[in-house]
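Inspection log for the structure reproduced underneath, given as C-alpha cells.
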Amino acid sequence: MAAAEQSVEQFRGQARLPGFAAPRRYDLRLTPDLDGCAFAGSVDVSVDVTAPTRFLVLNAAELEVAPGGVQFKPHGAEQELHPAEVTNVPEDEILIIRFNEVLPVGEGALVIAFKGTLNDKMHGFYRSVYELNGEKKNMAVTQFEPADARRCFPCWDEPSFKAIFKITLEVPSETVALSNMPVVEEKVNGPTKVVCFQETPIMSTYLVAVIVGMFDYVEAFTTDGTMVRVYTQVGKSAQGKFALEVAVKTLVLFKEYFAVPYPLPKMDMIAIPDFASGAMENYGLVTYRETALLFDEKHSAAANKQRVAVVVAHELAHQWFGNLVTMEWWTHLWLNEGFATWVSYLAADSFFPEWNVWTQFLEESTTGFKLDALEGSHPIEVDVNHVDEIDEIFDAISYRKGAAVIRMLQSYLGAETFQKSLAAYIKKFAYSNAKTEDLWAALEEGSGEPVKTLMHSWTKQQGYPVVNVKLKDGKLEMEQTQFLSSGAEGVGQWVVPITLCCCSYSRQEKFLFHGKQEDFNLSGLVECQKKDDFWIKLNVNQTGFYRVSYDEELASRLRYAIEANKLSAADRYGVLDDTYALCMAGKQKLVSLLHLIAAYKDETEYTVLAHTSLSIVEMMAVAAPEGLGKLKKFLIDFLEPFAQRIGWDAKSGEGHLDALLRGTLLTALAELGHEATINEAVRRFNIFVEDRETPLLPPDVRKAAYVALMQTVNRSNRAGYESLLKIYKETDLSQEKVRILGSLASCPDPDVVRDTLDFMLSPEVRNQDSIFLLRGVGAAGHEVAWTWLKEKWDYISDTFSGTLLTYFVSTTVSPLRTDEMGDDAEEFFKTRTKANIARTVRQSIERVRINAKWVESTRAEANLGNVLKEISHDH
C-alpha cells in the first residue's frame with residue numbers, strides 16, 4: 001500500500017504488527033520508584049524502515065506516552081521529525097505514530113519517553129513484596145513472556161523482531177540491580193546510582209529482564225569461566241547451593257549436547273517471592289518461584305530436590321533452544337516448551353541416574369494424554385490470532401505432549417542421529433527464528449527418515465490414537481482409532497511408530513503403522529507363541545504417544561507377565577495407565593481394571609506405585625458410586641502392605657525414590673481415610689507441634705501428616721486446622737507453606753473447606769500460591785468449591801490473570817461429576833467467558849460430562865461387590 005493511502009484504521013484489530021519497519025537496537029533507560037510503585041523511562045530505538053511509510057506502529061500497554069515525548073530522526077538528517085498524532089489503542093495494545101512526512105527508507109532513531117505503574121499482577125514490570133529485618137519492602141521484577149514487554153517500554157513485542165538491547169537503570173544506591181548482561185559501569189550519586197549494562201546479543205523482547213531489590217548470592221564458575229550466581233532473599237543464600245551445583249553441570253552438559261558454547265558471559269538465577277509460573281528463562285537472568293530454586297537441607301523434601309533439578313535444567317536448555325534459536329511466532333511455542341521439558345529429563349538422568357527419571361517422565365506423558373483425550377483439546381501447533389489467546393497454550397499439550405512426541409521421535413531415530421541433527425539445527429538458526437518445519441527438515445536431513453510426514457500427524461491435528469490389538473491365527477490384527485475420554489469415536493488418523501516385544505525384550509520389532517488397519521505377521525515369533533508364558537507388549541517402554549487396547553486373551557497374558565515380573569517398570573506403568581483410561585472412557589469394565597490392579601501386589605518401582613495410588617484416589621473421588629465401601633476397602637487393602645513395608649521412618653541405605661514413595665503412599669492412605677495412618681500421623685504431628693526439630697516428622701512425610709490431620713477436622717473440632725495455620729504463619733520456607741496449603745482443603749467437612757478457600761484469598765496467601773490450595777480440594781469439597789467460585793467470581797477474575805485464572809476454572813469445575821453440575825457451569829460461564837479462559841472453560845465442562853458418564857457406567861456394574869470378594873480371595 002502506498003504511504004499516501006495509509007490510515008490509523010488499517011492497523012487496528014490485526015494479529016501481528018506491520019512489517020514496514022523493524023527495530024535493530026534499543027537503548028533503554030528505566031527509573032523505578034520502589035516506594036511509589038511507579039517507573040519512568042525512555043527508549044531510543046534504531047529502526048530500519050524498509051518501505052515508505054507515514055506511520056510507525058509498535059506495541060505499548062498501560063504506559064503513559066505524552067505526544068510531545070515522541071520524535072524520529074532519519075539517519076544523516078539535520079532535523080528530528082515530530083509526529084502529527086500519537087494514537088494509543090488499548091484493545092490491541094499498540095501505539096500508532098503518524099507523521100505528516102513520509103519516512104525515508106533506511107535507518108532512523110525513534111525516541112519515546114514514557115511512564116508506568118509497577119503493578120501487582122506478576123506480569124510486565126511489577127512489584128514483589130518481601131521482608132527485610134521485619135520491614136516490608138518492594139522489589140521491581142519483570143516477566144515479559146509471552147507479550148508483556150510492552151507493559152514496561154514501547155517495543156516491537158513479537159519474537160521475530162530480534163534486536164540488541166543496551167539497558168541503563170537508575171535505582172536506590174543500596175539495592176542490587178540486575179539485567180541480562182553484566183554491569184559495565186556504576187555511578188553512585190548520593191541516594192541513587194546509575195547502573196549501565198553491557199549490550200546484549202541479538203534477542204527477542206520477551207527475554208529481556210530487569211530486577212531491583214535487596215539480595216544475597218552464592219556463586220561458582222563453569223570450566224569455561226562462565227560466572228554462575230544464585231540470588232536469594234537476604235539470609236537465604238545457603239538454600240541456593242544445590243541449584244548452583246546443578247546449573248554449573250547443566251551448562252557444561254548442554255554445551256556438549258548442542259555443540260555450541262553458552263552464548264553469554266554470565267548466568268544469574270534468582271528466586272522471586274511473587275511469581276506466576278514456575279520459572280522464566282530470561283537470557284542470562286532466569287527468574288524462579290522460591291519453591292523451584294531453593295533447597296533447604298533440613299526442611300526440604302526429596303520431591304523438592306527433584307523439582308529444583310528438573311526446573312533448572314529446563315530453563316537452562318532454553319538458553320539455546322528458545323533464546324539463541326527462537327520460535328518465529330507463538331504457534332511454535334511447543335518447540336520451546338516441549339523440547340525444554342524433554343531435555344530437562346535428559347540432564348537430570350545424566351546427573352542423578354538413581355532417580356529413574358525416564359520412568360517418572362511417564363507422569364508428564366499421562367498429563368498430556370489426559371488433556372489431549374478431550375474434544376476441546378488443541379493441536380500442538382495452534383494458530384494464534386490474538387495476544388489474548390497465547391496464555392492458554394502454555395498447557396499440558398505444549399509442554400507435556402510436546403515433550404512426549406519429541407521423545408517418541410528421538411527413540412525412533414536413535415539418540416545419536418537425533419543429537420547430531422539438533423546441533424546442526426541450532427547452528428543454522430542461531431540468533432534468528434525458526435518454525436516447526438525447520439526442525440523436521442534438519443532431522444530428516446540427518447536421519448534420511450520421512451520425519452515431516454511422520455510428525456505432521458502428531459503436531460497438526462489434535463488427539464492421539466488407541467491401537468486395538470487382537471491375536472488371530474498367528475497374526476496381530478491392529479486397528480487405530482482416535483482415543484477420546486468421552487468414549488466417542490474421533491476421526492483422527494496417525495502415522496504410528498509401533499514397537500513391540502514378545503516374551504522378552506531381546507525380541508523387538510519396529511515399524512510405521514500408516515493405515516486404519518494393519519495385520520502384522522508374527523511368523524518370526526512362532527516358537528515364542530508356543531510357550532505357556534507367552535505375552536506381547538506394544539509401545540515398548542512407553543516411548544510412543546499412543547494407547548493400546550488388548551483383546552481379552554492378550555490382556556490376561558500381560559497380567560501374568562506383570563505378576564511374574566517380566567515387564568520393565570515403564571511397561572508396567574503403561575499397561576495400568578492405558579487400562580485406567582480405557583475404563584474411564586467406558587471401553588473396559590471397572591472390574592477388569594481392579595483385576596489388573598491386584599496383579600501389582602509385589603510392585604517395587606516408585607513411579608508405578610505412585611501412579612497406582614493416584615489413580616486409586618482419583619477413582620474413589622470420581623467414579624465410585626456412593627456407599628461402595630467394599631471398593632474403598634479393596635483399594636485400602638491393596639495399598640496398606642506397601643505402606644507398612646516402607647513405614648514412617650527412613651531406614652539406612654534408602655535412596656531418593658524410597659523417600660518419594662513414602663510420602664506418596666501415606667498421603668494416599670490418609671486421603672482414603674485409613675484409620676491407622678491417620679492415628680499415627682496425628683501422634684507424630686502433636687510431637688512436632690511441641691518440637692519442630694523432632695526426627696519423627698521429616699519433610700518427606702509432612703504433607704501426608706498434614707492431610708491426615710485435616711481428615712480429623714470438622715466444624716466443631718478445628719484444633720488441627722488452627723495448628724496448621726500457626727505453622728504456616730511462622731515458617732518462612734515457601735516449600736513448607738505450599739505443603740500446608742496443599743493439605744488444608746482435603747478436609748471432609750464442606751464448611752471447613754469453605755473456610756480454607758476464604759483463607760486462600762486473604763493477604764496471608766500470595767496470589768501465586770492459590771493454585772496449591774485449589775489442587776488439594778478433596779472429594780468432599782468439590783461441590784462447595786464450585787458454589788464458592790461462583791460467589792467470588794467477580795473478585796477472582798479481577799485479581800488473577802493468565803495461567804492463574806485458568807487454574808481457578810480447571811481445578812474447581814473439572815472434578816464435578818453430574819450432568820446437572822455440567823449444565824450449571826455452562827449456564828454460569830455463558831456470560832462470563834473472555835477469550836483468555838474460553839478454552840479452559842470448554843475443557844473443564846467436557847471433563848464434568850466424562851465424569852458423570854463414568855459414575856453411571858460404574859453404577860451399572862451390578863456384580864462389582866461379588867467380583868471384589870473374588871479378587872481379594874484370589875490374591
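The values are calculated or read from the model by the stated rules, or taken from the named source; none is laboratory data. These numbers come from a predicted model, not from an experiment. Note that each Cβ is placed from the backbone with ideal geometry, even for glycine, and that neighbours are counted across all protein chains shown. Accessible surface areas use protein heavy atoms only, side chains included; no ligands, DNA or RNA. Shrake-Rupley method; radii C 1.70, N 1.55, O 1.52, S 1.80 Å.
This table checks each residue for (1) open to solvent by less than 10 Å² (accessible area, probe 1.4 Å); (2) out of contact with any Asp or Glu (no Cβ under 9 Å at 6 or more places or on another chain).
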position: 306; (1), (2): no, yes
position: 314; (1), (2): no, no
position: 321; (1), (2): yes, yes
position: 329; (1), (2): no, no
position: 340; (1), (2): yes, no
position: 356; (1), (2): no, no
position: 373; (1), (2): yes, yes
position: 378; (1), (2): yes, no
position: 385; (1), (2): no, yes
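Take the residues of segment 419-441 that are free of Cβ contacts under 8 Å to residues at least 60 places away in the same chain and out of contact with any Leu (no Cβ under 7 Å at 6 or more places or on another chain): which is least open to solvent (accessible area, probe 1.4 Å)?
So the first thing to find is which residues in segment 419-441 are free of Cβ contacts under 8 Å to residues at least 60 places away in the same chain, and the list is 420-421, 424, 428, 437-438, 440-441.
Then drop every residue that is not out of contact with any Leu (no Cβ under 7 Å at 6 or more places or on another chain), which leaves 420, 424, 428, 437-438, 440-441.
Details: 420: 123, 424: 57, 428: 154, 437: 45, 438: 49, 440: 3, 441: 53 Å².
The extreme case among them is 440.
Could we say that residue 592 is among the hydroxyl-bearing types (Ser, Thr, Tyr), outside the structural domain of residue 618 (by the TED database) and without any contact (Cβ under 8 Å) to a residue 60 or more places away in the chain here? Can you show your working first?
Values: among the hydroxyl-bearing types (Ser, Thr, Tyr): yes; outside the structural domain of residue 618 (by the TED database): no; without any contact (Cβ under 8 Å) to a residue 60 or more places away in the chain: yes.
So residue 592 does not fit the description; no.
Of everything in segment 565-593, what is among the charged types (D, E, K, R) and part of a helix (DSSP H, G or I)? Give them in sequence order.
Residues of segment 565-593 that are among the charged types (D, E, K, R), as a first pass: 566, 571-572, 577-578, 587, 589.
If the condition is that a residue be among the charged types (D, E, K, R) and part of a helix (DSSP H, G or I), then 571, 572, 577, 578 are the ones that fit.
If you go through segment 441-452 one residue at a time, how many are part of a helix (DSSP H, G or I) and farther than 18 Å from residue 257 by Cα?
Pass one, segment 441-452, residues part of a helix (DSSP H, G or I): 441-447, 451-452.
From what's left, farther than 18 Å from residue 257 by Cα: 441, 444-445, 451-452.
Number satisfying all stated conditions: 5.
Answer yes or no: is there a residue in segment 330-352 that is over 24 Å from residue 251 (Cα atoms), assigned to a helix (DSSP H, G or I) and touching a Gly at 6+ places or on another chain (Cβ under 7 Å). Write out each step before concluding.
First, the residues of segment 330-352 that are over 24 Å from residue 251 (Cα atoms): 330-332.
Subsequent filtering for residues that are assigned to a helix (DSSP H, G or I) retains 330-332.
If we keep only those that are touching a Gly at 6+ places or on another chain (Cβ under 7 Å) as well, we get none.
No, that holds for no residue.
Quick check on my filter: what residues within segment 309-332 are more than 23 Å from residue 229 (Cα to Cα) and touching a strand residue (DSSP E or B) at 6+ places or on another chain (Cβ under 6 Å)? Talk me through it step by step, then tell me what you get.
Of all residues in segment 309-332, those more than 23 Å from residue 229 (Cα to Cα) come to 325-332.
The answer is 325, 326, 328.
Being outside any helix (DSSP H, G or I), under 30 Å from residue 765 (Cβ atoms) and under 24 Å from the mean Cα position of the chain (by Cα) is the requirement here; does residue 276 meet it? Reasoning before the result, please.
Details: outside any helix (DSSP H, G or I): yes; under 30 Å from residue 765 (Cβ atoms): yes; under 24 Å from the mean Cα position of the chain (by Cα): yes.
Criteria met by residue 276.
Determine whether residue 355 is farther than 24 Å from residue 611 by Cα and touching a residue at least 12 places away in the same chain (Cβ under 8 Å). Steps first, answer last, please.
Working: farther than 24 Å from residue 611 by Cα: no; touching a residue at least 12 places away in the same chain (Cβ under 8 Å): yes.
Criteria not met by residue 355.
Among the residues of segment 137-153, how many are open to solvent by less than 10 Å² (accessible area, probe 1.4 Å) and closer than 25 Å to residue 35 by Cβ?
8
Under 7 Å between Cβ atoms, which residue pairs at least 6 apart in sequence (or on different chains) link something in segment 150-176 that is without any contact (Cβ under 8 Å) to a residue 24 or more places away in the chain with a partner that is open to solvent by 30 Å² or more (accessible area, probe 1.4 Å)?
Once the first residue is without any contact (Cβ under 8 Å) to a residue 24 or more places away in the chain and sits in segment 150-176, its partners that are open to solvent by 30 Å² or more (accessible area, probe 1.4 Å) give 173/188; 173/191; 173/192.
What number of residues in segment 249-262 are out of contact with any Lys or Arg (no Cβ under 9 Å at 6 or more places or on another chain) and either assigned to a strand (DSSP E or B) or crowded, with 17+ Cβ neighbours inside 10 Å (or both)?
Residues of segment 249-262 out of contact with any Lys or Arg (no Cβ under 9 Å at 6 or more places or on another chain): 249-257.
From the residues that got through so far, the ones that are either assigned to a strand (DSSP E or B) or crowded, with 17+ Cβ neighbours inside 10 Å (or both) too are 249-251, 253-255, 257.
The qualifying residues number 7.
Filter the helices (runs of 4 or more DSSP H) completely within segment 665-745 down to those with at least 3 residues that are in contact (Cβ under 8 Å) with a residue 60 or more places away in the chain. Write out each step before concluding.
On the way: elements: 675-690, 699-710, 719-730, 734-744.
Helices (runs of 4 or more DSSP H) meeting the threshold: 699-710, 734-744.
Would you confirm whether or not segment 60-82 contains a residue that is among the small types (Gly, Ala, Ser) and buried (at least 21 other Cβ atoms within 10 Å of the Cβ)? Steps first, please.
Going residue by residue through segment 60-82, those that are among the small types (Gly, Ala, Ser) are 60-61, 66, 68-69, 76-77.
Narrowing the set further to residues that are buried (at least 21 other Cβ atoms within 10 Å of the Cβ) leaves 60-61.
Yes, some residue in segment 60-82 is among the small types (Gly, Ala, Ser) and buried (at least 21 other Cβ atoms within 10 Å of the Cβ).
Only one of 433, 468 is in a strand (DSSP E or B), modelled with pLDDT of 95 or more and not assigned by the TED database to the domain that holds residue 512. Can you tell me which?
Values: 468 fails: not assigned by the TED database to the domain that holds residue 512.
Answer to the selection: 433.
Of the residues that make up segment 633-647, is at least one of a type outside the set (Val, Ile, Thr), part of a loop (DSSP other than H, G, I, E, B), at pLDDT 95 or above and under 23 Å from residue 360 (Cβ atoms)?
Filtering segment 633-647 down to residues of a type outside the set (Val, Ile, Thr) leaves 633-635, 637-645, 647.
Keeping just the survivors that are part of a loop (DSSP other than H, G, I, E, B) gives 647.
Now drop any that are not at pLDDT 95 or above, which leaves 647.
Right, trim to under 23 Å from residue 360 (Cβ atoms) and you get 647.
Yes, the conditions are met somewhere in segment 633-647.
Taking residue 92, is it in contact with a strand residue (DSSP E or B) (Cβ under 6 Å, 6 or more places away or on another chain), in the same structural domain as residue 119 (by the TED database), open to solvent by 20 Å² or more (accessible area, probe 1.4 Å) and under 15 Å from residue 155 (Cα atoms)? Walk me through it before giving the result.
Numbers: in contact with a strand residue (DSSP E or B) (Cβ under 6 Å, 6 or more places away or on another chain): no; in the same structural domain as residue 119 (by the TED database): yes; open to solvent by 20 Å² or more (accessible area, probe 1.4 Å): yes; under 15 Å from residue 155 (Cα atoms): yes.
Spelling it out, it is not the case that residue 92 is in contact with a strand residue (DSSP E or B) (Cβ under 6 Å, 6 or more places away or on another chain), in the same structural domain as residue 119 (by the TED database), open to solvent by 20 Å² or more (accessible area, probe 1.4 Å) and under 15 Å from residue 155 (Cα atoms).
Any chance you could count how many residues in segment 156-176 are among the β-branched types (Val, Ile, Thr) and open to solvent by 30 Å² or more (accessible area, probe 1.4 Å)? Reasoning before the result, please.
First pass over segment 156-176, keeping only residues among the β-branched types (Val, Ile, Thr): 164, 167-168, 171, 175-176.
Subsequent filtering for residues that are open to solvent by 30 Å² or more (accessible area, probe 1.4 Å) retains 164, 176.
Counting residues in segment 156-176 that are among the β-branched types (Val, Ile, Thr) and open to solvent by 30 Å² or more (accessible area, probe 1.4 Å) gives 2.
Please determine, by comparing only the residues of segment 746-760 that are part of a loop (DSSP other than H, G, I, E, B) and free of Cβ contacts under 8 Å to residues at least 40 places away in the same chain, which one is farthest from the chain's Cα centre (by Cα).
Our first condition is that a residue be part of a loop (DSSP other than H, G, I, E, B); within segment 746-760, this holds for 746-749.
Cutting the leftovers down to free of Cβ contacts under 8 Å to residues at least 40 places away in the same chain gives us 747, 749.
Numbers: 747: 27, 749: 31 Å.
This residue is 749.
Just to be sure before I move on: is residue 350 open to solvent by 10 Å² or more (accessible area, probe 1.4 Å) and not assigned by the TED database to the domain that holds residue 249 in the structure I sent? Let's see the steps before the verdict.
Working: open to solvent by 10 Å² or more (accessible area, probe 1.4 Å): yes; not assigned by the TED database to the domain that holds residue 249: yes.
Taking the combined requirement at face value, the residue satisfies it.
Output the residue which, of all residues in segment 460-510 that are aromatic (Phe, Trp, Tyr) and under 19 Å from residue 545 (Cβ atoms), is farthest from the chain's Cα centre (by Cα).
Going through segment 460-510, the residues aromatic (Phe, Trp, Tyr) turn out to be 464, 483, 494, 505.
Okay, now just the ones that are also under 19 Å from residue 545 (Cβ atoms), so 464, 483, 494.
On the way: 464: 20, 483: 23, 494: 26 Å.
Checked segment 460-510; the qualifying residue farthest from the chain's Cα centre (by Cα) is 494.
Cβ-Cβ distance below 8 Å, separation of 6 or more or different chains: which pairs start in segment 446-465 with a residue that is assigned by the TED database to the domain that holds residue 416 and of a type in the set (Ser, Thr, Tyr) and end on one that is surrounded by fewer than 17 Cβ atoms within 10 Å (Cβ to Cβ) and assigned to a helix (DSSP H, G or I)?
Hits for this filter: 447/417.
Taking segment 450-495 on its own, how many of its residues are within 21 Å of residue 843 (Cβ to Cβ), open to solvent by 60 Å² or more (accessible area, probe 1.4 Å) and touching a helix residue (DSSP H, G or I) at 6+ places or on another chain (Cβ under 8 Å)?
Summing the residues that are within 21 Å of residue 843 (Cβ to Cβ), open to solvent by 60 Å² or more (accessible area, probe 1.4 Å) and touching a helix residue (DSSP H, G or I) at 6+ places or on another chain (Cβ under 8 Å) in segment 450-495 gives 0.
Taking the stated definitions as given, is residue 669 modelled with pLDDT of 95 or more and either buried (at least 24 other Cβ atoms within 10 Å of the Cβ) or under 24 Å from residue 307 (Cβ atoms) (or both)?
Numbers: modelled with pLDDT of 95 or more: yes; either buried (at least 24 other Cβ atoms within 10 Å of the Cβ) or under 24 Å from residue 307 (Cβ atoms) (or both): yes.
Yes.
Could you pull out the residue among 189, 180 that is farther than 17 Å from residue 387 by Cβ and either among the hydroxyl-bearing types (Ser, Thr, Tyr) or open to solvent by less than 10 Å² (accessible area, probe 1.4 Å) (or both)?
Details: 189 fails: either among the hydroxyl-bearing types (Ser, Thr, Tyr) or open to solvent by less than 10 Å² (accessible area, probe 1.4 Å) (or both).
Matching residue, one of 189, 180: 180.
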